[in-house]
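Here is the structure we will look at, set down as C-alpha cells.
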Amino acid sequence: MGWRVIKTDAEGGTVFGPADARGADLTPQQRFEQALARTTSEDHERLARALGVASTALADLDAAWDDPVWLFPERDARGAIIGVLRRYGDGKKKSLWKAKRGLIVPRSLPAEGLILIVEGPTDVAAALSMGLAAVGRPSAAGGVKHLAELLKGREILVLGENDQKPDGSHPGRDGALGVATRLAAAWGVPVHWALPPTESKDIRAWFNAQSVDPADTAACHDAGQRFMAAIKAAVQTVEPPANGQSTDSGKECDAGGGRKSQATELVDLCDGVELFHDDDTGYASVHVEDHIETLAIRGRGFRRWLARQYFEATDKAPGNQMLADAINVIEGHAFFRGPQVKVHVRLADHEGVIYLDLADSKRNIVQIDATGWRVVAQAPVRFRRPKGVLALPVPVKGGSVTELRQFVNVVSDVDFILLVSWLVGLFRVGWPQPILIVISEQGSGKSTSMRLLRRLVDPNTAGLRSSPREPRDLMIAATNGWFVALDNLSSIPDWLSDALCRLSTGGGFGTRTLYENDEEQLFDALRPVMLNGIEEVATRGDLLDRAIRIGLPSIPEDKRVTESALYSRFEEARPRILGALLDAVSTALSRINGTHLAACPRMADFAHWIVAAEPGLPWKTGEFMEAYTANRASAHDVALESTPVADAIRRFMVSRKEWEGRATDLLAHLDQLVDEKVRHSRDWPKRPHTLSSALRRLAPNLRQVGVDLEFPKPGHRSRSIIVRTVPQKGVASVAERRTLFGDPAKAADRDADHPDRDAPVPGASVAGTAPGAAENHLATHRDARDAELGHQSSPRLADFDEVEERAAILEFEQGLSRQDAEAIARGASESALPSHQPNDEPPLRSGGGA
C-alpha cells in the first residue's frame, strides 16, 4: 500500500490518500470493470462453494475477482455504479476508497412481485439461489434514499438479522425496523418487516442449514417457499407517520416550522444526566424513583428509560429510528464529553475498601474495610446489573461460617476449610482466584451444593451453566456476573482448560466486532470459577495448578431431604453466613500488610489473603496452609496419572541421575518402556515435538516428584533436553508407589523381605541422602560389566547398557537372580529395541550412567 495525490486544496496544500499498487488512479467503476473482465465462471464456482450459494446468483450480481478480494458493485436507483464493496477471504468487508455506498441490485430484478430487502451481497445471493427476488442494502440501516427511489410502488419486505450483541443491542433487528419506518414515512404507506427464523442469523445461514445442493434449482426453489412460510407469522407492519411527521427526514414538520427534530428532543432529555464511559461502553447514571441506576447507553434499560421520559414529557411515543439516532448522539457525548470510569458487577475495590452490591430494590451496598463492614446507600464506585443478577439479603452480624456445613455435603474437615477459604478468597477483587473443582458420583449433591454457594455470594437466574461452546461464551458469562459456575462437565477440552486458566489468573479474549471490518471486541475478566463433574475432568497440569479439588460423599436415602426444605432453612441462615464471611474479609484487610508467608505456593496471593483472614475463621492458624499444600500435592498426582508419559519418564529416571539427548532419542527410549497398547493410544506422543510439548506441560508436576527437565532455549542451536533426578523432601505417596512399583501392598512385602530396598526414588527422595539402594545395585553391576569388558569397544554397547540397566532394576525390584533378570531383560530388549548396525551412533546418551 502506497500513497497518491488526491487533490490540491484551496490553500495550495496537497491532499494524499492510499493507493493500491495496481489501478491506483482508477475510479471505483473502472476498477470494478477491469476486474469483472478478468473474472471467469470457475471463479464464481469457487466463491459459491465457500458461501453455499448458487454460482449463477453471483454472476447475476456481477461479482468480480480482484485478487485477493471479491468486488461487488453498489448502484444507485438508476443502476449506475457509485461504489464497490470489497469482500476478503476471512469474511471482512470494506468499501473501496473514496466510493459512495449504494444498493446490491441483481441484473434479473423482476418488474413485478415481492422484493426482499436484505443486508449485504451474500444474503442477496442466497435469496436469488432460492428463487426469491431481493435487493441488498449496504448496512443494517443504510441505503434508504436509494431504496425509496428504486422500489416506490413495489411490494417489499425488509428482512433483518438475529445478531443481538452482549450489551443487549440488536443492530440487525433495529436496522430493519428503522429502514421500514423511514420507507413508510417516505412513501406514506405501510411497510412490512421481519426477522429470519430464530435459529438462523440471516437468510444465508438459514439456506445453508437446509443442506440443499445450490445447483439443484427445484430443491432450492422449494427451500425458498419454506423460508417464506417460516417467516410469515413473524411479519410486522410499520404504519406511515400521521400529522405530517416525517421520520425519513428526521424532523417534525408542522405549519409553523422551526421545531426541533424528535431525535434532538430525545437528546435534550439527557441534559443533567451524568454520562461517562469505560474502555468501550458508554453509560448514563439516571434517576429512577428514589435512587440512581447505572445503565449502558446501548442497553435495553436505557432505551426504555429514554422512551418513558419522552412519553411523560410529550404524551407521544418516540419513533424507533429517532431513538436509535438519539442514542448514537448520547453515546458520543459519553465518550467525548464524559470521563472514563470503571464500572463493576457485584464487587469492587476502591482505595483499599471493598464494596459489595446487594442488588436489591433499595440499591444497598456493603462497605468492607479494616474496621468492619456496614450497609450504605451510596459508594464511590459504579455498579451495573446485567440481566439475571439477583438480590442478596442484608447481612447480619454475629453469625459463623460453620453454619454453612449443614447445607453443603462436605464431610472432610480439610475440604470444608478449603471450601470456606475459596469463598473468602473471591472477595479480593482483581487478584488471581483459584478454581473450585467438585468431583463426586451422582447423588452426592454436587449441583445443589454449588447452587447454594452461588446464592450465598452472587445469586443469578442462571446459577449454574452448561459447558460453553467457545471462549466468547465463557467471557460473556464472566463479564455479566461475578463468578462462573459450570455444572456436570464430562470433560474439559484443551481450549476450555486454557480459557479457565486465563479467567483464574487474568487474561483477555478478542474477537472482531459484528458489522465492523477493523473493530475488535475485547473481553477482559478475572473471575472465580467453580465446576463439578463425576469424572476427573481437570487433567492438565496448568489447570490443576490453579485449582482446589474437593470430593463429596454419596448421600444415603435415609439422609436425603427435599430441596424445598433445604432451601427454606438456607434462606433463613444466609444473612448470618454472609455476615460471617464479611467478618473474615475485614480481618484479612486489617492484617494483609503485616502477614508474610514462609514460602509462596502457586496462587500465592490467594494463600496470602486466607492466611491473613485466619484469625477470623473457625480453625487454628496454619491449618489452611496444611490443607492447601496437601490439596496441591494431590493435584500433581492427578496431572501425572492422567498421561502415560509421566509414568514412563519417571521409570526411565529410576536408575539415572541425569540424561541428555534429543527429543527423538528420548521418545525412542520411552517407547521401549511401555507396551504396544500404550504406544498406539491417543495419549502417547508419536512425534518428538509432541513429546517435548507434553513434557513442557508436565514439567512443574514432575519437578514436585523429583524429576527436573531443562529444555533448549529459544534461538539456541542446541536441541538437547536434559532430564535430572533432584532430591525432594518427604516420602512417596501411595499413588507414586503404585506408579513406580505396582501395588503398594506387594511393594511393602518386598521391602520386608529386602530391608536394603528402602532407597528413595524420583519423587520420594530425602534431601541430603546418599544414592539409593537401586542406584548402588545398578552401579555394582556396571562396575562388574566394565571389568569384564576390559574397556573394549563394541557396536552393541548401547544395547548392552540397556539390558544391564533393565536387569539390575528387575533384580532389585522383584528379587530375581542376576541370571534370570538378565534373561528377561535381554528378551525384552531384542523384541523392543531397534538393532544397530556397525558404525551407527548410539541413539541415547546418558549422563551420570554408563
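Miscellaneous remarks
- Residue, most open to solvent (accessible area, probe 1.4 Å), within the range 210-226, restricted to residues that are within 17 Å of SER55 (Cα to Cα) and not in a helix (DSSP H, G or I): SER211
- All positions within the range 106-146 that are basic (Lys, Arg) and either open to solvent by 10 Å² or more (accessible area, probe 1.4 Å) or part of a loop (DSSP other than H, G, I, E, B) (or both): ARG107, LYS145
- Exclusive hit being within 15 Å of PHE416 (Cα to Cα) and aromatic (Phe, Trp, Tyr), set TRP609, TRP659, TRP619: TRP619
- Among the residues examined, ASP90 qualifies as under 20 Å from ASP123 (Cβ atoms), modelled with pLDDT under 90, charged (D, E, K, R) and surrounded by fewer than 21 Cβ atoms within 10 Å (Cβ to Cβ).
- Qualifying residues in the range 599-641 (those that are among the basic types (Lys, Arg) and in contact (Cβ under 8 Å) with a residue 24 or more places away in the chain) - the one most open to solvent (accessible area, probe 1.4 Å): ARG602
- Of all residues in the range 571-598, none satisfies the criterion of being without any contact (Cβ under 8 Å) to a residue 60 or more places away in the chain, small (Gly, Ala, Ser) and surrounded by 17 or more Cβ atoms within 10 Å (Cβ to Cβ).
- For ALA477, the test of being of a type in the set (Gly, Ala, Ser), closer than 30 Å to GLY172 by Cβ and in contact with a strand residue (DSSP E or B) (Cβ under 6 Å, 6 or more places away or on another chain) is passed.
- Of all residues in the range 231-240, those satisfying the criterion of being touching a residue at least 24 places away in the same chain (Cβ under 8 Å) and either open to solvent by less than 50 Å² (accessible area, probe 1.4 Å) or closer than 17 Å to ALA134 by Cα (or both) are ILE231, ALA234, VAL235, VAL238, PRO240.
- SER421, sole failed condition from (1) assigned by the TED database to the domain that holds LEU578; (2) at pLDDT below 90; (3) crowded, with 17+ Cβ neighbours inside 10 Å: (2)
Yes/no matrix, rows are residues, columns are (1) at pLDDT below 85; (2) surrounded by fewer than 22 Cβ atoms within 10 Å (Cβ to Cβ):
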| residue | (1), (2) |
| --- | --- |
| ARG385 | no, yes |
| ALA391 | no, yes |
| GLY399 | no, yes |
| THR402 | no, yes |
| ILE435 | no, no |
| SER444 | no, yes |
| ARG472 | yes, yes |
| MET475 | yes, no |
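- Qualifying position, being polar (S, T, N, Q) and open to solvent by 50 Å² or more (accessible area, probe 1.4 Å), among THR371, THR281: THR371
- When GLY83 is tested against (1) among the small types (Gly, Ala, Ser); (2) farther than 16 Å from ALA134 by Cβ; (3) assigned to a loop (DSSP other than H, G, I, E, B), just one condition goes unmet, and that condition is (3).
- When residues of the range 698-739 are limited to those that are of a type in the set (Lys, Arg) and farther than 22 Å from THR629 by Cβ, the one modelled with the lowest pLDDT: ARG717
- Selection count where residues are in a loop (DSSP other than H, G, I, E, B) and surrounded by fewer than 20 Cβ atoms within 10 Å (Cβ to Cβ), scope the range 63-80: 7
- Meets criteria (basic (Lys, Arg) and surrounded by fewer than 20 Cβ atoms within 10 Å (Cβ to Cβ)) for ARG662: yes
- Remark: pairs (first residue in the range 171-190, more than 11 Å from PRO240 (Cβ to Cβ) and of a type in the set (D, E, K, R); second residue assigned to a helix (DSSP H, G or I) and open to solvent by 40 Å² or more (accessible area, probe 1.4 Å); Cβ separation under 9 Å; 6+ apart in sequence or on different chains) = ASP174/ASN320.
- In the condition set (1) under 27 Å from the mean Cα position of the chain (by Cα); (2) open to solvent by 70 Å² or more (accessible area, probe 1.4 Å); (3) modelled with pLDDT of 85 or more, ARG682 is compliant with all but (3).
- Considering (1) of a type outside the set (D, E, K, R); (2) open to solvent by less than 20 Å² (accessible area, probe 1.4 Å); (3) more than 18 Å from GLY131 (Cβ to Cβ), the lone condition that ASN162 does not fulfil carries the number (2).
The values are calculated or read from the model by the stated rules, or taken from the named source; none is laboratory data. Quantities reported herein were computed from a predicted structural model and do not represent experimental measurements. Neighbour counts are summed over all protein chains in view; Cβ atoms, including those assigned to glycine, are modelled from backbone coordinates with ideal geometry. To get the accessible areas, we keep the full protein, side chains included, count just its heavy atoms, and leave off ligands, DNA and RNA. Shrake-Rupley method; radii C 1.70, N 1.55, O 1.52, S 1.80 Å.
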